[in-house]
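Bear in mind that the values in this text are calculations on the coordinates, not laboratory data. All of these numbers come straight from a predicted model, not from anything done at the bench. Here the Cβ positions follow ideal geometry from the backbone for every residue, glycine too, while neighbour counts run over all protein chains shown.
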There are 2 protein chains.
Amino acid sequence: MNKTTIASTSIRGPADHEIRNQIVAAANQHFSQYGYSKTTVSDLAKAIGFSKAYIYKFFDSKQAIGEAICANCLAQMIAAVEQEINVGGLTPTERLRRLLKTLVATGVNLFFSERKLYDIAAFAASENWPCAQQYDALIRDFVVQIVREGRELGEFERKTPLDETVDAIHLALRPFVNPLLLQYNLDVVEVAPVLTSNLILRSLMP
Amino acid sequence: MNKTTIASTSIRGPADHEIRNQIVAAANQHFSQYGYSKTTVSDLAKAIGFSKAYIYKFFDSKQAIGEAICANCLAQMIAAVEQEINVGGLTPTERLRRLLKTLVATGVNLFFSERKLYDIAAFAASENWPCAQQYDALIRDFVVQIVREGRELGEFERKTPLDETVDAIHLALRPFVNPLLLQYNLDVVEVAPVLTSNLILRSLMP
């Protein structure tokens, strides 16, 4: 399977330049420790040992570095979801359950084990950064695939227009997909995946 | 119909004391202008023209005043919901649609027209104040009533245990009921009530 990539915008020079990766890795570490909002490009330059001007050769702003980090992080979450749901022999019902379960688990894990990265993802969601939009679009694509397959196999109802079904499910997943919302849903993450999957699956019954 | 009340805790002296109401009204105005977190009991005393000690005769903390205000505000929202859904001749399906629509409308209205009050409600939700818990429990009660009636009339399915159905719907309403979540859902409030009502109603089909 190809590795899912979520592109970051506003980057300069060749995309796979070694220095760019070094800057992103170092910034990732720096942001993880001090947080995105409290770090300036000058702080970053000092910590990495590059000049500010040199960093600006590769990224046109702090946000561009933040987007690259956020894109990596979201791509990892998408990869985790793909690994769980694209297993041969799973029914659409099982894939939907796994989608929700993995989304919640990876989001909660990020919150508790990489809090500063989580905060960048939440900031990306609040500012509607391209990487956050792409992440959301990829989640919707998973829903489309699962619903379409379930309809083809006769496992899900077909009366409701596909777009409406998908939009409604996508909306029901939002409290667990969007990091701005998930942080206020931590008290229900134990029960939410099963309750919400069951509700969605009842709504899909033929 | 009796007026719904949401009790605030930590109040002192007779509950319907005129002075208490004066303090709450004045604090409401003061918080609405300056915000809850930035106001101290001293500020409040000065603004109202009472001594701090006198205010402490009626409320044991700033939070107790905040809770009284929040309880009034949430009780008004509950009253608005009751007025919309407890109309004779409505089917359970229609009542569920109205529940969601009114919850979103009153929440959004509070956000845009009484932002500082909304912030108190969000703070109450984050701190799990008793008034926020009661509000949430009253919303759940509405769901119980509607689902139970729909089952009795044969309009909704009866295979799923009542508690599971109610918990799942209550959870699906959470992004629009909880002010901490609603503030990040403002971009979907136009489409959310219909999409979510339809999803829930499909899940309830016999």
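With N counted as the residues of segment B:70-203, its alpha-carbon radius of gyration over 2.2 N^0.38 Å works out to 1.02. Database remark: amide H of B:Phe59 closer than 5 angstrom to the amide H of B:Arg12 (H placed geometrically; neighbours at sequence offset of 5 or more, or on other chains; Pro and chain starts carry no H). Averaged over peptide B:162-172, the number of partner chain Cβ atoms lying within 10 Å of each residue's Cβ comes to 4.
Within the shell of other residues whose beta carbon sits under 13 angstrom from the beta carbon of B:Asp43, the net charge comes to +4, with Lys and Arg scored +1 and Asp and Glu -1.
Per-residue mean of foreign Cβ neighbours for A:78-88 is 0 (Cβ atoms of other chains, 10 Å radius).
Over 29 Å apart at the Cα level, from the set A:Lys38/B:Lys46; A:Lys57/A:Lys116; A:Lys101/B:Lys116; A:Lys116/B:Lys101, are A:Lys38/B:Lys46; A:Lys101/B:Lys116; A:Lys116/B:Lys101. With its label point defined 7 Å out from Cα along the Cα-to-Cβ axis, A:Arg140 lies at 3.4 nm from the matching points of the other copies, in increasing order.
Listed by Cβ neighbour count within 10 Å, with the fewest neighbours leading, B:Glu82, A:Glu94 appear as A:Glu94, B:Glu82.
Taking max minus min of the alpha-carbon positions on each principal axis, segment A:26-82 gives extents of 39, 23, 17 Å, largest first. Restricting the calculation to alpha carbons of the protein assembly as shown gives Rg and Dmax of 24.7, 74 angstrom. One equal scatterer on each Cα of segment B:124-188, no solvent, Debye formula: the resulting log10 I(q)/I(0) at q = 0.21, 0.23 Å⁻¹ is -0.87, -0.95.
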